[in-house]
Every structure is written in structure tokens, then in C-alpha cells.
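Q: A single structure is presented below for examination.
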Amino acid sequence: MTQSTAEKITLLVVDDIPETRENLRKLLYFEADIEIVGMAANGREAIAQAKDLQPDIVLMDINMPDMDGIAASQEITQVAPMCQVIMMSVQSEADYLRRSMLAGAMDFLTKPFTSDELSNSIHRVYQMGASRRAAMPAKHADTREASDDKAGRARRQPEGGKILLVYSPKGGTGCSTVAVNLAIALQQATSQKVALVDASLQFGDVGVLLHLQSRASVADAAKQIKDLDVDLLAAMLSPHQSGIQVMAAPPVPEAAETIDIDDIKTILRLLRQEFDYVLVDTWSYLDDVVLAIMDLSDRVLLVMAPEIPSIKSAKQFFEVAEALDFPLNQIDLILNKVLPRDGIRAEQLENHINHKLRTQIDYDPKTIRQTTNQGLPLMMSEPNHPLAQQFLGLAQQEIELLEPPPAEEIEEEIPVPREQRRQRTGLFGRMKR
């Protein structure tokens, strides 16, 4: 917790049922740093109290008589711009979530919830509003001090986090399994902030592999792209028990058509501002969306299986990457699903593809199938399993590769900047002729 013990998070509770308001008070009774400063029975009372009290957080029910929580939240953002709204409802449909986010809510709680869920949401939303309070410091500083603080933060983190694209040009290589376990391994190895984005926009499996009920998806973020900032995007991420944050794929395949390249770029750039590592899982088709992610990535993890079709596709991918001026030394070749008696040896693969393997990951079909069906990744269910240790080893390799080299080790040859890489229309139009 970053606020001092003397500084409490002030909370306005809004619900039309008196028993619910009292239950919420009881849930927060032992939270010493949270103070309920007001209670309202409907949206109009909430607006008036928010204007007078200027609380840090408004805990808002959706369905209320006279004026519902969504309409009230829109008004509160005008009369109390520093307030952060947490919406709550017995309804958990995606439409309620979307309407809440459009109204300015920063989180969504489905009733009933526990005291821990409520407390965690309040603290998380309070921290998400820190940048807004720094920019408009009505309580603690003047505008010049806030601007200096914002500029200082920009100087401290000029580049932001690192983006890793996990990609396979051939389906069935276990790409999503690698992405999920690698994200958790990075979080375990560093204790830093890790986000996992499911950019397989039509048939993403990350949510299933994590047994995660997502509060929003890439499609929801794309719908609000004009108003999207780090705070709103953070509210759309779904926290996983492993400690990573997840941006899910759209719930229906047709929603992929509503997401364009610029949407993906904006989402990833915002995530890079707030997270140390951003992992992106994608589909196998090498289209302009995947190429856009590739252009933003610090490293590309190319997942390949020891099978002739997969080997052929990996070799073709390297040829395409070279034609697009993408630095081949930023591509890590991962040989997945390796069995002890595979007929294809690693040295043969390296000679054929003309690229060194970064690592090999063994194959245990029974264990992988079990963890997949349970929605509990191997890094959590069996952290001491040899496969889990291989994922952890891969994470440690990536951490070392992403460390900036000492000044004396930097070669004079300067790589082609991303903005200067070939940007012709379409995949093959971008390639060398």
C-alpha cells in the first residue's frame, strides 16, 4: 500500500437497499485505511454527496430507482472528476460491464463478493487513480508540482516495459501453452508486473487455459480506443491468481472484425507504460495485425514442433522476417513438444533453418492435457515438474536477453529502427523485391 497510514481512502456507498449498504459497511469494518464518508440510496443522492464530499471512491450499484448507477456515474465524473467509480451488480453480463466502463467505472464487482474482493478492488482502483490525482492535485500539491512529477516519471521510464510476441506459423505447436506458462514464469522469476494479451482475435484460448472469467476483451478496449488511457485499460484487465493480468480475446469470432491494426498498437503501447513485461499470444496466420505486433516487439519467440510441416513453416517465417528487415537476432526459436526418441535432432533443425535453438521444451502429453482441462497452468499446478523448470529457464533467458548491454559491448552497427522498416501495403507488398 503506497498511501500513508494517516491518509485514508474515502468511500461513498450507493445502493437502494439499506441492508446491502450495512453489509458493505461490515465488510470494510476491519480496513483501517478505508473510511466510508457517505451513503446514498439512489443516483441523485449519490451525485449530490459526491459533489459535496469529493470521495476517492464511489461504490455504485447499477439497478436503482429514480436514477440508475450508470447515469449517476456519468454525472459524477463531471461534478467530482477525482472520484473513481466501482460498479457492482448481481448481473455479470458483458453488456453491463461495457456500459459501466463507458460511464467511467474503473472496476466491476459481481454480487455477492467477499471482503477481500471488495478491499482489493478499492485499493487497486485507488492506485489506478494515482496518476490522475498527480495531474489534478486538489488535496496535496499545485499544478506545477504535478507536472514536474509527471515529467520526472517520464524521465525515469523513457522506454517502458518489454513486449514479447509468442508466435507459431503452424497450428498445434502448443504456442498458447508456452505463452501462458512463460507469462507466469516471468512473474515468478522477477515479481514484476506482467500482462498477457490474447491477440488470437477469433479463437483465443488464453482464458480457457487460465480458467479465467474475463471482465473485458480486446474488442471492448478497441470500442473505446479514442478515450482509452492507462487507467481505463487497467480496469479492463482480468487479474489471475498467479499475479499476472490478462487481456482476453473477444468472446465471439465475429468481433475480430471490429479491431484494426491501430487499435492493437494503441493497446500494446499503453500496456508497455504500466507493465514490465507484456506477452502477446497470436494466431498462426501471418497477417497485418501479427506484423504490427511484431514491429512493436522487443523479442519474438517462434514456437516450432519437431514435425516436418512445422519445420518448413518456421524456415519460411525466417525468410519473411529477413525480407521485412526484422532483426533475426531478436527471434528466439523454441522447439516444443520434444520426445526422448524423436527422430529429428536439434542439430539437424539448426542446420536446416540456419538459426540456433534458444531452448527445447519436452512433451508430457498426459500432464499437459490434465492441466489444460483443469485450467490450471503447469507453472502453478506442478511448479517442480521438469517441464515447469524448463519454462522457468526460458523466462530467465529472456530476462537476460532483454537487459540492456553495457555501453562498451554495443556494436557500431545500428539496427534498422522500427519506423524505417518496410511499410508497404499488405504482407507481400512489404517484402523486398
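Here's the yes/no breakdown for (1) under 23 Å from Ile261 (Cβ atoms); (2) touching a Phe, Trp or Tyr at 6+ places or on another chain (Cβ under 9 Å); (3) among the β-branched types (Val, Ile, Thr):
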position: Gln192; (1), (2), (3): no, yes, no
position: Leu209; (1), (2), (3): no, no, no
position: Ser217; (1), (2), (3): yes, no, no
position: Ala221; (1), (2), (3): yes, no, no
position: Gln224; (1), (2), (3): yes, no, no
position: Asp227; (1), (2), (3): yes, no, no
position: Val230; (1), (2), (3): yes, no, yes
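Q: Leu228 - would you say it is more than 25 Å from Gln316 (Cβ to Cβ), modelled with pLDDT under 90, touching a helix residue (DSSP H, G or I) at 6+ places or on another chain (Cβ under 8 Å) and not in a loop (DSSP other than H, G, I, E, B)?
A: Working: more than 25 Å from Gln316 (Cβ to Cβ): yes; modelled with pLDDT under 90: yes; touching a helix residue (DSSP H, G or I) at 6+ places or on another chain (Cβ under 8 Å): yes; not in a loop (DSSP other than H, G, I, E, B): no.
So Leu228 fails the test.
Q: Further question on the same structure: Which of the residues spanning the stretch 102-116 are within 17 Å of Arg21 (Cβ to Cβ) and charged (D, E, K, R)? Even if it seems obvious, please write down each step before you answer.
A: Taking the stretch 102-116 first, the residues within 17 Å of Arg21 (Cβ to Cβ) are 109, 111-113, 115.
Once the filter is applied, which keeps residues that are within 17 Å of Arg21 (Cβ to Cβ) and charged (D, E, K, R), the stretch 102-116 yields only Lys111.
Q: Looking only at the stretch 261-299, filter to residues that are of a type in the set (Asp, Glu) and in a loop (DSSP other than H, G, I, E, B); which one of those is surrounded by the fewest Cβ atoms within 10 Å (Cβ to Cβ)? Before the answer, list the steps.
A: Taking the stretch 261-299 as the starting set, the residues that turn out to be of a type in the set (Asp, Glu) are 262-263, 274, 276, 281, 287-288, 295, 298.
Going one step further and asking which of them are in a loop (DSSP other than H, G, I, E, B), we end up with 276, 287, 298.
Working: Asp276: 19, Asp287: 13, Asp298: 17.
Going through the qualifying residues, I end up with Asp287.
Q: Just one of Gln202, Gln241, Gln192 is more than 26 Å from Ala395 (Cβ to Cβ), touching a residue at least 60 places away in the same chain (Cβ under 8 Å) and assigned to a loop (DSSP other than H, G, I, E, B); which is it?
A: Values: Gln241 fails: more than 26 Å from Ala395 (Cβ to Cβ); Gln192 fails: more than 26 Å from Ala395 (Cβ to Cβ).
That would be Gln202, the only listed residue that is more than 26 Å from Ala395 (Cβ to Cβ), touching a residue at least 60 places away in the same chain (Cβ under 8 Å) and assigned to a loop (DSSP other than H, G, I, E, B).
Q: Looking only at residues in the stretch 90-109 that are over 13 Å from Asp220 (Cβ atoms) and in contact with an Asp or Glu (Cβ under 7 Å, 6 or more places away or on another chain), which one is modelled with the lowest pLDDT?
A: Top of the filtered list is Met106.
Q: Does the stretch 55-63 include one or more residues that are more than 30 Å from the chain's Cα centre (by Cα), assigned to a loop (DSSP other than H, G, I, E, B) and buried (at least 18 other Cβ atoms within 10 Å of the Cβ)? Give the steps one after another, and end with the answer.
A: If we filter the stretch 55-63 for residues that are more than 30 Å from the chain's Cα centre (by Cα), which is where we start, we get none.
No, every residue in the stretch 55-63 fails to be more than 30 Å from the chain's Cα centre (by Cα), assigned to a loop (DSSP other than H, G, I, E, B) and buried (at least 18 other Cβ atoms within 10 Å of the Cβ).
Q: Those residues that are surrounded by 14 or more Cβ atoms within 10 Å (Cβ to Cβ), in a loop (DSSP other than H, G, I, E, B) and modelled with pLDDT under 90, I need them from the stretch 328-367; list them, please.
A: Scanning the stretch 328-367 gives Asp342, Ile344, Tyr363, Asp364.
Q: Residues that are in the same structural domain as Val194 (by TED's automatic domain parsing) and assigned to a strand (DSSP E or B): does the stretch 248-260 have at least one? If you could, list the steps in order and put the result at the bottom.
A: First, the residues of the stretch 248-260 that are in the same structural domain as Val194 (by TED's automatic domain parsing): 248-260.
If we keep only those that are assigned to a strand (DSSP E or B) too, we end up with 248.
Scanning the stretch 248-260, I find at least one residue that is in the same structural domain as Val194 (by TED's automatic domain parsing) and assigned to a strand (DSSP E or B), so the answer is yes.
Q: Need the failing condition index for Ile308 against (1) in contact with a helix residue (DSSP H, G or I) (Cβ under 7 Å, 6 or more places away or on another chain); (2) over 25 Å from Val208 (Cβ atoms); (3) among the aliphatic types (A, V, I, L, M), just the number.
A: (1)
Q: Kindly establish whether Thr177 is at pLDDT 90 or above, part of a loop (DSSP other than H, G, I, E, B) and assigned by TED's automatic domain parsing to the domain that holds Met380.
A: Details: at pLDDT 90 or above: yes; part of a loop (DSSP other than H, G, I, E, B): no; assigned by TED's automatic domain parsing to the domain that holds Met380: yes.
Taking the combined requirement at face value, the residue does not satisfy it.
The values are calculated or read from the model by the stated rules, or taken from the named source; none is laboratory data. Keep in mind it's a predicted model, so treat the numbers as computed, not measured. Cβ atoms come from the backbone with ideal geometry, glycine included; neighbour counts cover every protein chain shown.
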